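The values are calculated or read from the model by the stated rules, or taken from the named source; none is laboratory data. Computed from a prediction, not measured in an experiment: that's the story for all the values here. Virtual Cβ from ideal backbone geometry, glycine too; neighbours counted across all protein chains shown. For the accessible areas, the whole protein counts, side chains as well, though only heavy atoms, and no ligand, DNA or RNA atoms are used. Shrake-Rupley method; radii C 1.70, N 1.55, O 1.52, S 1.80 Å.
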Amino acid sequence: MIRPFGERGLLVELDDAEGAQRLDTVLRRDPPRGVLGTVPGLASLLVELDPAAHPAAAEAAINAAIASGAEADVPAPRTRVIPVVYGGEHGPDLADVAALAGLTEDEVIALHASTVVRVRFLGFAPGFAYIGDLPEALRVPRLATPRTRTPAGSVAIADAMTGIYPAALPGGWRVIGRTPVDLFDARRDPPAYLAPGDEVRFVAIGVDAWDGHRGPPADW
């Protein structure tokens with residue numbers, strides 16, 4: 001389904017995140033006339049239009065792109081490895097997550113670190129990636145009362161998603177660990193380390209390895 005989104009956009013609703021990312025790839029590779037940019041969502045794509053573009057013509061071009069997208073050669077996803085110190089002061093909600101999941105803390109860590117997940121979309125704050133889908137065993141609800149400040153680098157989970165706070169922000173996700181790597185820098189191009197479609201692997205590290213991983217990742 002395609003519907004107007006404000007005066008200069010169209011919202012394309014798709015079946016899943018893979019469909020949104022596939023259409024995003026097709027439109028970025030060969031933008032139809034009048035399309036200025038695209039923003040993937042969980043199962044949608046926001047298409048920004050030139051004010052002079054005719055919406056009906058743009059919609060026809062998007063429908064053609066959807067039809068051709070099924071056959072599109074989409075690049076293989078990048079793999080992003082995120083080191084995490086789990087538990088303790090860096091993961092204040094780990095014990096609660098374990099209790100809610102009926103697991104030990106070590107089992108939560110092992111399951112989170114052994115699951116390869118995908119960046120579905122960016123939102124909430126610059127550089128914040130919604131990453132999923134988590135195994136059913138780790139799907140716990142958000143905090144009843146959100147924190148007013150969650151430290152930068154906090155690795156958290158809520159429902160089917162895991163995420164990493166790119167800066168100190170308010171938040172209601174349950175924090176199970178923290179990474180020393182930087183994820184957002186407005187001076188870089190691109191400014192966000194993670195992008196829709198990326199595969200993410202979390203790797204458990206000890207506190208003594210924190211300084212060795214601090215800063216921007218080498219593969220940014």
Original post:
Mind checking which pairs have a first residue in region 91-109 that is closer than 20 Å to V203 by Cβ and a second that is open to solvent by 80 Å² or more (accessible area, probe 1.4 Å), Cβ under 8 Å, 6 or more apart or different chains?
Top reply: L94/E105; A98/E105; A98/E107
Original post:
If you scan region 155-176, which residues turn out to be closer than 23 Å to P191 by Cα and in contact (Cβ under 8 Å) with a residue 60 or more places away in the chain?
Top reply: V155, A156, I164
Original post:
From the set of residues in region 8-28 that are touching a residue at least 24 places away in the same chain (Cβ under 8 Å) and exposed (fewer than 14 other Cβ atoms within 10 Å of the Cβ), which is nearest to R118 (Cα to Cα)?
Top reply: D16
Original post:
Is at least one residue of region 44-58 touching a strand residue (DSSP E or B) at 6+ places or on another chain (Cβ under 8 Å), modelled with pLDDT under 90 and open to solvent by 20 Å² or more (accessible area, probe 1.4 Å)?
Top reply: yes
Original post:
Taking region 196-209 on its own, how many of its residues are open to solvent by 30 Å² or more (accessible area, probe 1.4 Å) and under 9 Å from the mean Cα position of the chain (by Cα)?
Top reply: 1
Original post:
Of all residues in region 176-220, which are of a type in the set (D, E, K, R) and assigned to a loop (DSSP other than H, G, I, E, B)?
Top reply: D182, D185, R187, R188, D189, D198, R214, D219
